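A.B. asks: Sharing a structure, written as structure tokens. Questions coming.
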């Protein structure tokens, strides 16, 4: 899982006073199909390398979330349905921009819209 850290992003609003504070966590599947059968020491080494690979992609993930959220309005996001739609949109966008990685889920650990 990769915690993308908290972000404060302005929403589409004529007054410029609506914003979201959000923390997104992305869960990835290992990109090595043999991961589960590796000895513990190899798993540790693999996870370190995989984490480094994910961290190198962080600017792409951050840009994707910021760009997507900056197109949203308060009304788009304040309902449960709006949050689920956003989760789906983030997963789709990240999957397109990171085709070599398999995303399992998107989690919101902080979600405040004002």
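Please treat every number below as a calculation from the coordinates, not as lab data. What you are looking at is a predicted structure, and each value in this text was computed from that prediction instead of being measured. With ideal geometry, Cβ positions are generated from the backbone for all residues, glycine too; neighbour counts draw on all protein chains shown.
A.B. asks: Can you confirm whether residue 52 is surrounded by 12 or more Cβ atoms within 10 Å (Cβ to Cβ) and more than 23 Å from residue 16 (Cα to Cα)?
C.D. replies: Taking the combined requirement at face value, the residue does not satisfy it.
A.B. asks: Here is a further query. Go through the residues of the stretch 76-86 one by one and say whether even a single one is touching a strand residue (DSSP E or B) at 6+ places or on another chain (Cβ under 6 Å) and surrounded by 12 or more Cβ atoms within 10 Å (Cβ to Cβ).
C.D. replies: Just the residues of the stretch 76-86 that are touching a strand residue (DSSP E or B) at 6+ places or on another chain (Cβ under 6 Å), to begin with: 77-78.
The next check asks that each one be surrounded by 12 or more Cβ atoms within 10 Å (Cβ to Cβ); those that pass are 77-78.
Yes.
A.B. asks: Residues 20, 60, 90: which one is within 19 Å of residue 1 (Cα to Cα) and touching a strand residue (DSSP E or B) at 6+ places or on another chain (Cβ under 8 Å)?
C.D. replies: Step by step, each of 20, 60, 90 is checked, and only 90 is within 19 Å of residue 1 (Cα to Cα) and touching a strand residue (DSSP E or B) at 6+ places or on another chain (Cβ under 8 Å).
A.B. asks: In the stretch 27-45, which residue that is in contact with a strand residue (DSSP E or B) (Cβ under 9 Å, 6 or more places away or on another chain) and in a loop (DSSP other than H, G, I, E, B) is surrounded by the most Cβ atoms within 10 Å (Cβ to Cβ)?
C.D. replies: 30
A.B. asks: Of all residues being over 15 Å from residue 6 (Cα atoms) and touching a strand residue (DSSP E or B) at 6+ places or on another chain (Cβ under 7 Å) in the stretch 93-113, which is surrounded by the most Cβ atoms within 10 Å (Cβ to Cβ)? Just the residue, please.
C.D. replies: 94
A.B. asks: Might you check whether a residue that is over 22 Å from residue 104 (Cα atoms) and assigned to a helix (DSSP H, G or I) occurs anywhere in the stretch 3-26?
C.D. replies: No, the stretch 3-26 contains no residue that is over 22 Å from residue 104 (Cα atoms) and assigned to a helix (DSSP H, G or I).
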